[in-house]
């Protein structure tokens, strides 16, 4: 099962290396990894996506918590959270396909961020299923290059009196 894990760490050199080393040293794969400073410049947030059963994830969390520079570890899976990914997609845009590319971008609420005589560079933001749907539609037209951020996620604030805190809400249509 896929898990999204949020890790607050000291913003110091070598912390990313120690976290990634923990995963590789135990044979765990990181499917996606994002790291950036928080509002406090001395703290960074890592968003990791990995796969494993509950026992493996529990082991990963325990091992992460043992690292000196780790402040807090939260497995967002099973709780309410918002996740997004961004992709920049350079697609062939010959005169015959330009209108179709623009329709696809519009349907998925993306943006054209660069134009050349033979290509468009598109920005698409959403969950991984949305990104994959755009890629699937653009593939026959001719994708020249793709860059993806991977998942970033943040927990939702629990509503008072809500009994659905343990359920992850369905992603609204995008």
If we ask which residues in region 64-116 are part of a helix (DSSP H, G or I), free of Cβ contacts under 8 Å to residues at least 40 places away in the same chain and in contact with a strand residue (DSSP E or B) (Cβ under 9 Å, 6 or more places away or on another chain), their number turns out to be 5
Filtering region 119-174 down to residues that are modelled with pLDDT of 95 or more, touching a strand residue (DSSP E or B) at 6+ places or on another chain (Cβ under 7 Å) and in a loop (DSSP other than H, G, I, E, B) yields 141, 142
Within region 15-24, residues without any contact (Cβ under 8 Å) to a residue 12 or more places away in the chain and either surrounded by 10 or more Cβ atoms within 10 Å (Cβ to Cβ) or in contact with a strand residue (DSSP E or B) (Cβ under 7 Å, 6 or more places away or on another chain) (or both) come out as 21, 24
Residues of region 6-24 being farther than 23 Å from residue 147 by Cβ and either in contact with a helix residue (DSSP H, G or I) (Cβ under 9 Å, 6 or more places away or on another chain) or part of a loop (DSSP other than H, G, I, E, B) (or both), in sequence order, are 7, 9, 11, 12, 13, 14, 22
Notebook entry, point to check: Given the structure, is residue 20 more than 13 Å from the chain's Cα centre (by Cα) and within 23 Å of residue 154 (Cβ to Cβ)?
Noted result: yes
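I'd like to check something: does region 77-89 contain any residue that is out of contact with any helix residue (DSSP H, G or I) (no Cβ under 7 Å at 6 or more places or on another chain), loosely packed, with under 12 Cβ neighbours inside 10 Å and over 22 Å from residue 156 (Cα atoms)? Spell out how you get there, then give the answer.
First, the residues of region 77-89 that are out of contact with any helix residue (DSSP H, G or I) (no Cβ under 7 Å at 6 or more places or on another chain): 77-84, 86, 88.
After this cut, where a residue has to be loosely packed, with under 12 Cβ neighbours inside 10 Å as well, the list is none.
The answer is no; no qualifying residue exists.
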Answer yes if at least one residue in region 27-34 is more than 15 Å from residue 4 (Cα to Cα) and modelled with pLDDT of 95 or more, and no otherwise.
-> no
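Can you work out which of the residues in region 37-53 that are touching a residue at least 40 places away in the same chain (Cβ under 8 Å) and in contact with a strand residue (DSSP E or B) (Cβ under 9 Å, 6 or more places away or on another chain) is farthest from residue 83 (Cα to Cα)? Spell out the reasoning first.
Residues of region 37-53 touching a residue at least 40 places away in the same chain (Cβ under 8 Å): 46-53.
Now narrow it down to the ones that are in contact with a strand residue (DSSP E or B) (Cβ under 9 Å, 6 or more places away or on another chain): 46-52.
Values: 46: 13, 47: 10, 48: 12, 49: 11, 50: 14, 51: 16, 52: 19 Å.
Looking at residues that are touching a residue at least 40 places away in the same chain (Cβ under 8 Å) and in contact with a strand residue (DSSP E or B) (Cβ under 9 Å, 6 or more places away or on another chain), I get 52.
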Within region 38-58, restricting to residues that are farther than 10 Å from residue 3 by Cα and in a helix (DSSP H, G or I), the one that is farthest from the chain's Cα centre (by Cα) is 55
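The values are calculated or read from the model by the stated rules, or taken from the named source; none is laboratory data. Not measured: the values here are computed from a predicted model. Neighbour counts run over all protein chains shown; Cβ positions are idealised from the backbone, glycine included.
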